[in-house]
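Worksheet for the structure shown next.
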Amino acid sequence: MTGRAEHQAHASAALRESGGVMLAGAAGVGKTRLAREVLAEASRRGRVTRWVGATASSRGIPLGAFASLVADAGGGTEVTLLGRLGAVLREDVEVLAVDDAHLLDDVSATLLYQLAVDRATRVVVTVRGGEPVPDAVTALWKDGLVERLEVPALAEPDTARLVESVLGGQLDFASRQRLFEVTRGNVLLLRHLVAGERVAGRLAEADGLWRWTGEPEITPALRDLIDARIGRLSPPERRLLELVAFGEPVEVGLLTTLAGHSAVEAASERELVAVEPAGRRLMVRLAHPLYGEAVRSRTGPLRARRRRGELASALTATGARRAGDTLRRAIFALDSDLPVDAALLTGAAAEAAVLADWTLAERLLRAASDADGGFEPRLALGQTLAWTVRAEEAEAELGKAAALAETGEQRARVTVLRALNRFFLLTDVDEAVGLLDAVPAEREPVFAEYAEALRALFATALNRLDEARTHAARVLDAPNPSSFAITWAGYGAVGAHALGGQADRLDALAHRVVGAALRAPETAHMQFNIRYFQAYGHGLAGRPERAMECVAWVRDLPGGYATMAREVTLGRVALDRGEVRTSARLVRGVLPLFPGRGGGWTALFEAGIAQALGMAGDATGARAALVRAEQARHPGMRCVESELVLAQAWVAAAEGDTGRAIQRALRAAELADQSGQGAVEVVARHAAVCFGDTGQAARLAVLAERVDGPRAPAAASHAAALAAHDPDALLAASAALERAELVLLAADAAAQAATLLRARAQSAPAAFATARAAALAQRCDGARTPALRAGTATLPISAREREVATLADAGLSNREIAARLHVSVRTVEGHIYRACTRLGLTDRAALASLVARPVELEPGRSGQPGSS
């Protein structure tokens, strides 16, 4: 029932209140499953139920669908049987479900209508959309006897959740996207596809993630399903489906030229193809993506090449003047029987790069390079390989491009790309910087501008933020900088502003830099990186809603890279909001795209996962992510060092060592302060406050004056309230943090207020603060921070006794706990003894289990003062 809770509730309500419900939708979306669940719920409520199913074979037999009940009604004519059978059903059945009612014979349909009119028997009916339906069945909803409910295919998130529940593990983001694109959320097709791909080994688990690789194979069972939907094809229809399968979407006029009006109209009427508007054009697609897989699998290679050639030639004949036509023409020509046109393929690859479709761009550029296309396709191929984290291959192709360079501008472009590849992917920082100094500016003037832009980016990566701003200003403030230079210098500046806490300047700067990036295919893909750091900066500032605006535009872009960019940005926003497990899941799904050090991204992403899982109280998962983050440390990406140390703090917190958690959070703050990362320093010092440190108020007050956004002032207020042991001020800080959508931080502040109030025996206010903290925590994916563990519990033990018990639950011996807390073993034993005595427990294990047990808000709590 994944993704069907709302439909089930609606259908059950309609059955109770309207006398019946009709579930309509395409074949395979799950109408029958939903109907069975509605019937089962009625049965659990004490209703007498009955299920009947209509079939194509029973359609020609009067009352064929009710054959199992006819014996109970005795013999007689159709009219007599109709009356008797109706009487039996009215007397013995309170809820009747009829599956595939569009296949009912007319007599059965009349019986169903009469039952609905009498309302003695309630009905649940399923019908297939687009199929002819008996008039009596149609009249059920037209006459208002039942409520009609459309059952759509599953949405992409629900499709992923369903598959993950079946697999028992998480899909990587690319596999989630592909499974949805291929099945369009049709549960029946999804089931057969997943089963077949698992057996074939193309859908398999590796490193804790399920990945779907290779092309789907149409299994016999799946082929039978598709064939049943497609039906028998005439030769013109087969030709048309082949053209669409190899070229979709195909413009209606183009397809009509190749296949004829009658074939297009017939395929549309049979719902083999769908006609969709695209601007002022009408485009034709197959009615379902798996139709294409089936058609392509049955088309021989020579005929497939001929079909692609026909499409390319027809598009060329139209002039191919509209946006996207060059790319489409190149795709058609790529594997066709036409001669290779290197210039066409190179231009098309640039369009693919703008869309971040790196797989397609690589195919086009390899073909163009193999056809002696010269410098441009070779350079673009090197960059494409670098962008897909294939550093050695990229270096080889860029070396070939360097040998083909003839002008100063070409030499500057290839040198810059080699420097980027060496710095971020090959991690040879010194050699990358050396490349920027290798060409005298007076001999290659264009290179001076490019080199200055890269120095800005490299300085940001190396955590020299003031230096980065200086280099970036020399480019951005110049009279007429090139778009290429604006992109790289601006990228460095956006990162420096985000980390430094200048979020108010981010939007205007990012808008200018993204605009420059989109003016050239070599830099168009950088829009994703720039937008990520724009969102990152707003999240650090405490503006998750602004961060969401930075990712909204990605949703409509095609290609897997756009999906990846959306998910990592959403993952970062979720971390700021406190949606901790959502954050870890989103970011973890994209990690396979960043092998090794991943150009510096892997350590940052893994550090974020460690922080998220630490906030969730998952010590094991957080520790594993931290180990991976430290293994992926990049020598040139020193700007993420504070994030790594902050991850260490959250791992310590999850393991119950709040003292070490505070120490590592303050070390992260110190590192951020040393490099001018004001926004990161606020986050780190605020984490220390949430761990219980009362000494951060003064420094956070200073940062609140320097760092843009609502987070810094709210953090300062939180720190001051904790230092003053003022529960009312803590609750006020909690409200301010909630207004900034920093929900988990708001929960921690409320939990600390609850702890203070409980210690003062102020039970009613303590209950209110506890309820508030627990309610906020429920919005945070079950987060279990140290403050929440203490503040939402009612155990009469001290903070130190709780800390000892939490470490015991993590598996540490008394001696290990003593070493961790820098106390004697006897002191640890004393804490355990006193806590067990107060709680009436007999041993250490019982204490550890009790303290570790997650605390949930009791049902019925109002969250108001005085509630119990």
Are any residues in region 735-751 assigned to a helix (DSSP H, G or I) and open to solvent by less than 20 Å² (accessible area, probe 1.4 Å), and if so, which ones? L737, V743, L744, A746, A747, D748, A749, A750, A751
Suppose we keep only residues that are in a helix (DSSP H, G or I) and at pLDDT below 90 within region 16-32. Which one would you say is least open to solvent (accessible area, probe 1.4 Å)? S18
Take E91 and tell me if it is farther than 18 Å from R36 by Cβ, in contact with a helix residue (DSSP H, G or I) (Cβ under 6 Å, 6 or more places away or on another chain) and free of Cβ contacts under 8 Å to residues at least 60 places away in the same chain. no
Pairs where the first residue, in region 139-164, is touching a residue at least 24 places away in the same chain (Cβ under 8 Å) and part of a loop (DSSP other than H, G, I, E, B) and the second is β-branched (V, I, T) and open to solvent by less than 40 Å² (accessible area, probe 1.4 Å), C-beta under 6 Å, 6+ apart: V146/V21; V151/V29; A153/V29
What do you reckon, is L671 open to solvent by less than 40 Å² (accessible area, probe 1.4 Å) and within 30 Å of the chain's Cα centre (by Cα)? no
Flagged in region 53-68 as assigned to a loop (DSSP other than H, G, I, E, B) and either β-branched (V, I, T) or open to solvent by less than 10 Å² (accessible area, probe 1.4 Å) (or both), in numbering order, are A54, T55, I61, L63
Being assigned to a loop (DSSP other than H, G, I, E, B) and open to solvent by less than 10 Å² (accessible area, probe 1.4 Å) is the filter; apply it to region 626-655 and report the residue that is nearest to L593 (Cα to Cα). A632
Candidates S165, S108, S175 - the one that is of a type in the set (S, T, Y) and surrounded by fewer than 18 Cβ atoms within 10 Å (Cβ to Cβ): S165
In region 284-301, which residues are without any contact (Cβ under 8 Å) to a residue 12 or more places away in the chain and not basic (K, R)? G300, P301
Testing P377 on (1) under 22 Å from F528 (Cβ atoms); (2) modelled with pLDDT of 90 or more, one condition comes back false. Which one is that? (1)
Residues of region 246-287 being assigned to a loop (DSSP other than H, G, I, E, B) and in contact with a Lys or Arg (Cβ under 6 Å, 6 or more places away or on another chain), which ones? E248, P249
Flag for R820 being among the charged types (D, E, K, R), touching a residue at least 40 places away in the same chain (Cβ under 8 Å) and open to solvent by less than 30 Å² (accessible area, probe 1.4 Å): no
Which of the residues that make up region 275-320 are of a type in the set (G, A, S), touching a helix residue (DSSP H, G or I) at 6+ places or on another chain (Cβ under 7 Å) and farther than 18 Å from E181 by Cα? A304, A312, A314, A320
Wholly within region 447-546, which helices (runs of 4 or more DSSP H) include no fewer than the required count, namely at least 3 residues that are surrounded by 22 or more Cβ atoms within 10 Å (Cβ to Cβ) and under 23 Å from the mean Cα position of the chain (by Cα)? 526-541
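Residues are listed down the side, and each one gets a yes or a no for (1) in contact with a Phe, Trp or Tyr (Cβ under 8 Å, 6 or more places away or on another chain); (2) touching a residue at least 60 places away in the same chain (Cβ under 8 Å); (3) open to solvent by 60 Å² or more (accessible area, probe 1.4 Å):
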{"site": "R758", "(1), (2), (3)": "no, no, yes"}
{"site": "A761", "(1), (2), (3)": "no, no, yes"}
{"site": "P765", "(1), (2), (3)": "no, yes, no"}
{"site": "A771", "(1), (2), (3)": "no, yes, no"}
{"site": "A775", "(1), (2), (3)": "no, yes, no"}
{"site": "Q778", "(1), (2), (3)": "no, yes, yes"}
{"site": "D781", "(1), (2), (3)": "no, yes, no"}
{"site": "T785", "(1), (2), (3)": "no, yes, no"}
{"site": "A790", "(1), (2), (3)": "no, no, no"}
Out of all the residues in region 389-406, is one or more outside any helix (DSSP H, G or I), surrounded by fewer than 23 Cβ atoms within 10 Å (Cβ to Cβ) and within 29 Å of the chain's Cα centre (by Cα)? yes
For region 774-783, state whether one or more residues are assigned to a helix (DSSP H, G or I), farther than 22 Å from R711 by Cα and at pLDDT below 85. no
Would you check which residues across region 332-350 are part of a helix (DSSP H, G or I) and either in contact with a strand residue (DSSP E or B) (Cβ under 9 Å, 6 or more places away or on another chain) or open to solvent by 60 Å² or more (accessible area, probe 1.4 Å) (or both) and list them? A343
Hits in region 239-269 (condition: touching a helix residue (DSSP H, G or I) at 6+ places or on another chain (Cβ under 8 Å) and open to solvent by 70 Å² or more (accessible area, probe 1.4 Å)): T257, S262
Looking at region 702-715 only, could you name the residues that are in a helix (DSSP H, G or I), of a type outside the set (D, E, K, R) and either within 29 Å of the chain's Cα centre (by Cα) or under 26 Å from V651 (Cβ atoms) (or both)? L703, A712, A714, A715
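Yes/no per residue for (1) under 29 Å from G537 (Cβ atoms); (2) in contact (Cβ under 8 Å) with a residue 12 or more places away in the chain; (3) small (G, A, S):
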site	(1), (2), (3)
T407	no, no, no
E449	yes, yes, no
L457	yes, yes, no
A468	yes, yes, yes
H471	yes, yes, no
L476	yes, yes, no
Counted residues in region 756-811 being of a type in the set (A, V, I, L, M), farther than 23 Å from A574 by Cβ and under 35 Å from the mean Cα position of the chain (by Cα) come to 6
Given the options A356, A350, A367, name the one that is modelled with pLDDT of 90 or more and among the hydrophobic types (A, V, I, L, M, F, W, C). A367
Hey, among G185, G214, which residue is surrounded by fewer than 19 Cβ atoms within 10 Å (Cβ to Cβ), of a type outside the set (D, E, K, R), outside any strand (DSSP E or B) and within 22 Å of the chain's Cα centre (by Cα)? G214
Per-region count, region 109-136, residues within 17 Å of T32 (Cβ to Cβ), at pLDDT 90 or above and of a type outside the set (A, V, I, L, M): 1
Residues in region 688-701: is at least one buried (at least 24 other Cβ atoms within 10 Å of the Cβ), closer than 25 Å to A461 by Cβ and within 32 Å of the chain's Cα centre (by Cα)? no
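The values are calculated or read from the model by the stated rules, or taken from the named source; none is laboratory data. These numbers come from a predicted model, not from an experiment. Note: ideal-geometry Cβ built from the backbone for every residue, glycine included; neighbour counts use all protein chains shown. The area values use the complete protein model at the heavy-atom level, side chains included, leaving out ligands, DNA and RNA. Shrake-Rupley method; radii C 1.70, N 1.55, O 1.52, S 1.80 Å.
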